[in-house]
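The values are calculated or read from the model by the stated rules, or taken from the named source; none is laboratory data. Computed from a predicted model, the values in this text were never measured in an experiment. Backbone-built Cβ (ideal geometry, glycine too); neighbour counts: all protein chains shown. These area figures cover heavy atoms from the full protein model, side chains too; ligands, DNA and RNA do not enter into them. Shrake-Rupley method; radii C 1.70, N 1.55, O 1.52, S 1.80 Å.
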Amino acid sequence: MQPNPAPSKPRPADNTTNGLYGQDILSVRQFTPELIDYVFGVADEMKTLVERFGSADLLQGKVMANLFYEPSTRTSSSFMAAMQRLGGQVIPINTVTFSSVTKGESLADTVRTLECYADLIVLRHYEVGAAAEAAHWASKPIINAGDGVGEHPTQALLDAYTIVQDLGHMDGLTVAMLGDLRFGRTVHSLTRLLLHRNIDFRFVSPRLLRMPEEIRDEVSAAGDHFTEAEDIHDIIHEVDVLYVTRVQKERFTDLSEYEKAQGAYIITPKLLQKAKSEMIVMHPLPRVGEISYEVDNDPRAAYFRQMQNGVYIRMALLAAVLGRA
Ligand code: NCD
């Protein structure tokens with residue numbers, strides 16, 4: 001038996017948020033270059049706001065439900081911090097184990113419950129398409145905070161924002177993505193967000209963990225260029241962005257395959273000696289050995305800045321979706 005879908009979402013008149021007011025954020029495909037510029041502009045303002053005042057009351061009276069079916073430190077905390085710094089309140093369901101999900105409640109019923117209490121729902125789920133499904137049932141906006149091996153649009157926005165902050169722009173760069181390109185949703189979303197920017201993509205992974213064909217095809221269709229490699233040493237000298245990922249242990253059905261892939265790459269100061277002085281090393285984190293701690297003090301290590309930028313980007317998105325940007 002299927003529940004009834006929500007009536008289509010109200011589309012409020014929106015002259016100020018470039019169409020984001022009241023909308024779901026499900027995929028980076030929704031973000032045109034103009035919309036990305038708009039979000040980055042609001043994020044700049046949020047950064048200034050946090051640096052000067054710490055918080056504001058823009059979202060006072062608004063409530064966000066944070067519904068996480070998978071583990072998270074950064075995404076969940078930064079969404080909560082973003083909401084709280086804008087004066088809003090949070091219902092944190094960071095571990096669904098303690099919610100009625102454990103009693104067998106469906107996603108449809110859980111989101112239709114939470115929208116009785118909250119103005120929007122941030123959802124992380126282990127299934128591709130779960131955010132779209134939730135959006136189908138909910139009449140309040142859903143923000144996809146990662147759906148299985150699918151997408152992680154807010155991460156891609158904060159990644160791209162970090163590239164622009166650190167390198168000044170994101171056009172014509174050589175971007176190497178390294179590690180688990182098959183199961184890593186962050187690289188799927190970031191690749192899509194960077195299409196049509198004349199990027200030279202370098203997909204570096206063990207054969208088993210190649211970038212999915214669907215995404216390679218999207219890169220080609222966009223007229224962008226990519227090459228694939230298994231070794232980072234040969235190309236490290238030419239990259240502007242080195243985006244490192246964790247091997248996604250939880251996605252493997254055969255753990256011996258995971259053991260083979262894990263530890264294939266370790267970014268060290270020695271490797272970075274061969275890299276440009278004006279490049280950045282990124283990682284969505286958590287890391288489990290892919291970047292040695294000795295790299296952290298290198299000014300090119302951007303992963304702590306990425307985390308900080310995540311708050312500004314999420315503040316911008318929450319404000320826009322709730323019509324207060
Ligand atoms: C990533 C994720 O959950 O996809 N983490 C994050 O959101 N910063 C990356 C990962 O878990 O490897």
If you check LEU209 against the conditions, is it open to solvent by less than 10 Å² (accessible area, probe 1.4 Å) and more than 22 Å from ALA275 (Cβ to Cβ)? yes
Taking TYR293 as the residue in question, decide whether it is surrounded by fewer than 19 Cβ atoms within 10 Å (Cβ to Cβ) and modelled with pLDDT of 95 or more. yes
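Given the structure, is HIS237 open to solvent by 20 Å² or more (accessible area, probe 1.4 Å) and in a helix (DSSP H, G or I)?
Values: open to solvent by 20 Å² or more (accessible area, probe 1.4 Å): yes; in a helix (DSSP H, G or I): yes.
It is true that HIS237 is open to solvent by 20 Å² or more (accessible area, probe 1.4 Å) and in a helix (DSSP H, G or I).
Quick check on the range 101-112: of everything there that is assigned to a helix (DSSP H, G or I) and free of Cβ contacts under 8 Å to residues at least 12 places away in the same chain, which residue is farthest from the chain's Cα centre (by Cα)?
Residues of the range 101-112 assigned to a helix (DSSP H, G or I): 101-103, 107-112.
The next check asks that each one be free of Cβ contacts under 8 Å to residues at least 12 places away in the same chain; those that pass are 102-103.
On the way: THR102: 27, LYS103: 30 Å.
In this case the residue turns out to be LYS103.
Looking at the range 190-229, which of its residues are more than 22 Å from the chain's Cα centre (by Cα) and within 23 Å of ARG300 (Cβ to Cβ)? Please lay out each step first, then the result.
Of the range 190-229, the ones more than 22 Å from the chain's Cα centre (by Cα) are 206-208, 220-221, 223, 225, 227-229.
Across the range 190-229, the qualifying residues are THR227, ALA229.
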Taking only pairs six or more apart or across chains, which ones have beta-carbon atoms under 7 Å, a first residue in the range 244-259 that is under 24 Å from MET282 (Cβ atoms) and open to solvent by less than 60 Å² (accessible area, probe 1.4 Å), and a second residue that is within 10 Å of the ligand (Cβ to nearest atom) and not in a loop (DSSP other than H, G, I, E, B)? THR245/THR186; THR245/VAL187; TYR258/LYS249
Provide a single number: the residues in the range 50-85 that are more than 16 Å from the ligand (Cβ to nearest atom), part of a helix (DSSP H, G or I), in contact (Cβ under 8 Å) with a residue 12 or more places away in the chain and open to solvent by 40 Å² or more (accessible area, probe 1.4 Å). 2
If I filter the range 284-302 for residues that are within 12 Å of the ligand (Cβ to nearest atom) and outside any loop (DSSP other than H, G, I, E, B), do I get at least one hit? no
Checking THR253 against (1) within 16 Å of the ligand (Cβ to nearest atom); (2) farther than 29 Å from GLN308 by Cα: exactly one of these is not met. Which one? (1)
The strands (runs of 3 or more DSSP E) lying wholly within the range 122-206 that contain at least 1 residues that are within 14 Å of the ligand (Cβ to nearest atom) are 142-147, 174-178
Just wondering, is there one or more residues in the range 33-49 that are of a type outside the set (Lys, Arg), at pLDDT 95 or above, within 16 Å of the ligand (Cβ to nearest atom) and under 24 Å from MET170 (Cα atoms)? no
Look through the range 304-325, keep the residues that are in a helix (DSSP H, G or I) and touching a Pro at 6+ places or on another chain (Cβ under 8 Å), and return whichever of them is surrounded by the fewest Cβ atoms within 10 Å (Cβ to Cβ). VAL321
